[in-house]
Amino acid sequence: MSNAAAPATEGPDRSEAPAHVAIIMDGNGRWAAARGLPRAEGHRRGVEALRRVVRASHELGIRYLTIFSFSSENWSRPASEIGDLFGLLRRFIRNDLASLHRDGVKVRIIGERDGLESDICALLNEAEELTRDNTRLTLVVAFNYGSRQEIAKAAQKLAREVADGKRDPATIDAETLGAHLDAPDIPDPDLIIRTSGEQRLSNFLMWQAAYSELVFVPIHWPDFDKAALEGAIAEFARRERRFGGLVAKTAS
């Protein structure tokens, strides 16, 4: 693990880029507080950072980008802030979906949709349906998402199959459970980045992160840009990944 990823002086070669990068976009509120601005402005600037990173991801050869946009624990925040976050999501999809589609970005949503407002569900469905055949970059949006809840839901599905006599409990292994998660066709993240200096996963992709490299950067999310992403990838490329004692170089 790294506590900081300094921007690379030269961008990493596309061949060094991890196939799947996941990002915990942390620090919008602290960014705003440091500037005497309302938290809503921090979230707005965070959306601008997301636009930069989506664009940079394709330029750097990343094939999958997963972002933690709204945690299932975020419901404990003040109602006004939740309203601001949902408003930003609405505007982002309405304003950016056409350009994402034009740029060949496929949008996938993971997380719980039950209980969300109907227009939010409709926008999420629209984003997935419009972009489903795109192949340039897959943007996975973890919305109303919690990893423990995802794993519990997969276990419930398997338990129902056993109860209905459709599955022998002895056939349930790690691969089987993984196949019942929200997006089993998407490869596990090679690299997980968290901004703002915090060093924890916060209930994000805990199953999928079993062998991910973790990089923690001290800057707040609204200041994250292509150079910061290149720095994290450079740190990733310097590491030797060990799987069961074997060493696998991250860079080709």
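The values are calculated or read from the model by the stated rules, or taken from the named source; none is laboratory data. Treat the numbers as computed from the prediction; the structure is a model and nothing was measured. Here the Cβ is made from the backbone with ideal geometry for all residues, glycine too, and neighbour counts use every protein chain on show. The accessibility values were calculated without ligands, DNA or RNA, using every heavy atom of the protein model including side chains. Shrake-Rupley method; radii C 1.70, N 1.55, O 1.52, S 1.80 Å.
Please verify whether Asn134 is open to solvent by 20 Å² or more (accessible area, probe 1.4 Å) and under 19 Å from Ala40 (Cα atoms), treating the condition exactly as stated.
no
Which one is farthest from the chain's Cα centre (by Cα) among residues in the stretch 41-87 that are without any contact (Cβ under 8 Å) to a residue 40 or more places away in the chain and not in a helix (DSSP H, G or I)?
For the stretch 41-87, the residue satisfying everything is Pro78.
Taking the conditions exactly as written (out of contact with any His (no Cβ under 9 Å at 6 or more places or on another chain) and open to solvent by less than 50 Å² (accessible area, probe 1.4 Å)), does Ser118 satisfy them or not?
No.
In the stretch 101-115, what count of residues is obtained for those that are modelled with pLDDT of 95 or more, closer than 17 Å to Ser72 by Cα and open to solvent by 50 Å² or more (accessible area, probe 1.4 Å)?
Here the count works out to 0.
Counting just the residues of the stretch 61-78 that are of a type in the set (A, V, I, L, M, F, W, C) and modelled with pLDDT under 85, which one comes out surrounded by the most Cβ atoms within 10 Å (Cβ to Cβ)?
By that ranking, first place goes to Phe70.
Residue under question is Ala22, and the condition is that it be modelled with pLDDT of 95 or more, in contact with a Leu (Cβ under 8 Å, 6 or more places away or on another chain) and within 17 Å of Arg136 (Cβ to Cβ); does it hold?
Criteria not met by Ala22.
Would you tally the residues in the stretch 44-60 being open to solvent by less than 20 Å² (accessible area, probe 1.4 Å) and over 14 Å from Thr195 (Cα atoms)?
The number of residues fulfilling the criteria is 4.
Which of the numbered conditions does Val141 fail, given that it passes all the others? Conditions: (1) open to solvent by 20 Å² or more (accessible area, probe 1.4 Å); (2) under 20 Å from the mean Cα position of the chain (by Cα).
(1)
Here's a check for you: in the stretch 144-177, which residue that is among the acidic types (Asp, Glu) and closer than 22 Å to Phe204 by Cβ is least open to solvent (accessible area, probe 1.4 Å)?
Glu150
Glu59 versus (1) in contact with a Lys or Arg (Cβ under 8 Å, 6 or more places away or on another chain); (2) within 21 Å of Leu89 (Cβ to Cβ): which is the lone unmet condition?
Just one mismatch for Glu59, condition (2).
What pairs come out if I take residues in the stretch 178-200 that are surrounded by 19 or more Cβ atoms within 10 Å (Cβ to Cβ) and pair them with residues that are of a type in the set (Ser, Thr, Tyr) whose C-beta lies under 7 Å away, six or more apart or interchain?
Short answer, once both residue conditions are applied: Pro189/Thr66; Pro189/Ser212; Asp190/Ser212; Leu191/Ser212; Ile192/Ser212.
Restricting to the stretch 201-222, count the residues that are open to solvent by 50 Å² or more (accessible area, probe 1.4 Å), touching a residue at least 40 places away in the same chain (Cβ under 8 Å) and out of contact with any helix residue (DSSP H, G or I) (no Cβ under 7 Å at 6 or more places or on another chain).
1
Going by the structure shown, is Gly29 crowded, with 19+ Cβ neighbours inside 10 Å and without any contact (Cβ under 8 Å) to a residue 40 or more places away in the chain?
yes
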